[in-house]
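Take a look at the structure below.
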Amino acid sequence: MTNNPMLEKALKYASIGWRVFPVTPNEKSPLGSLVPKGYHDATTMVETITHWWTQIPDANIGLSLAASGLVCIDVDSYKPDCAFDEYMRGKDMPETLVQQSASGGTHYIFKADENAKYPGKLCKGVDVKHNGYILLFPSVFNDNRYEWSQKVRPSPAPEW
């Protein structure tokens, strides 16, 4: 155990095979001085992760989704034109890992099907993130923290 909660969480995520990288504190942009290729530099290597969070202890934690075998439905429900509720009519949301974003939205995190092609958008206010990244708890953006709201294993991505 360290006395750095961000490093501890980054190492925990890496231990389950999630590729992480440092993000500018209180922002969403990769720390270019440490990861010049951004989320493409994400790793599970303990030595590299320890080096990064020793350099910038309060760096946010970025998760490279495709490299980690994950896909995220990013619902910006705080936006007035978000059409997620309408989109979901008649569809079931599988039980999966869920995170509340710092902006008040919701990240539904699923195991990605390695052969699937994911659309960039489901509807207004809802992005499907696969070839990219999200921030993970306990990251902070605009002084608000990301929080897990449902801690279960990611289920396979739904067909819809």
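The values are calculated or read from the model by the stated rules, or taken from the named source; none is laboratory data. What you see is a predicted model, and the numbers here were worked out from it, not measured in a lab. Note: ideal-geometry Cβ built from the backbone for every residue, glycine included; neighbour counts use all protein chains shown. What goes into the accessible areas is simple: the full protein's heavy atoms, side chains included, and nothing from ligands, DNA or RNA. Shrake-Rupley method; radii C 1.70, N 1.55, O 1.52, S 1.80 Å.
Key figures
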| quantity | calculated |
| --- | --- |
| Value at 222 nm in deg cm²/dmol, rounded to 500, when DSSP H runs of n ≥ 4 in the chain each add -39,500 (n - 2.57) | -4500 deg cm²/dmol |
| Relative contact order [Cα under 8 Å, 6+ residues apart], segment 1-51, whole percent | 37 |
| Cleavage-rule hits (GluC sites (Glu not before Pro)) in segment 27-96: DSSP loop, at most 16 neighbouring Cβ within 10 angstrom | GLU27, GLU95 |
| For segment 57-114, accessible area per residue (1.4 Å probe, heavy atoms of protein chains only), Å² | 44 |
| Segment 83-103 and segment 4-62: distance between their alpha carbon centers, rounded to Å | 27 |
| DSSP-loop chymotrypsin sites (Phe, Trp or Tyr not before Pro) across segment 10-117, with at most 13 other Cβ within 10 angstrom | TYR78 |
| Volume per residue that the Cα convex hull of segment 42-83 spans, once the total is divided by residue count, Å³ | 88 |
| Rounded to 10°, Cα long-axis angle of helix 46-55 versus longest principal axis of the chain | 80 |
| Accessible surface of segment 12-94, 1.4 Å probe, proportion on carbon and sulfur as whole % | 52 |
| Spatially proximal aspartates and glutamates relative to LYS28 (Cα-Cα < 19 Å; intrachain offsets below 8 disregarded) | ASP41, ASP58, ASP74, ASP76, ASP127, ASP143, GLU147 |
| Inter-site label distance for ASN26 and THR54 at 7 Å from Cα along Cβ, in nm | 2.7 |
| Helix 5-15 axis, angle to the chain major axis (alpha carbon atoms, nearest 10°) | 70 |
| Pairs beyond 21 Å (Cα-Cα), from LYS121/LYS151; LYS79/LYS117; LYS79/LYS129 | LYS121/LYS151; LYS79/LYS117 |
| Per-selection Kirkwood Rh - the chain (Cα, Å, 1 d.p.) | 16.0 |
| Most fluctuating residue given options ARG89, ARG145, ARG19, as computed from a GNM of the chain linking Cα atoms under 10 Å | ARG89 |
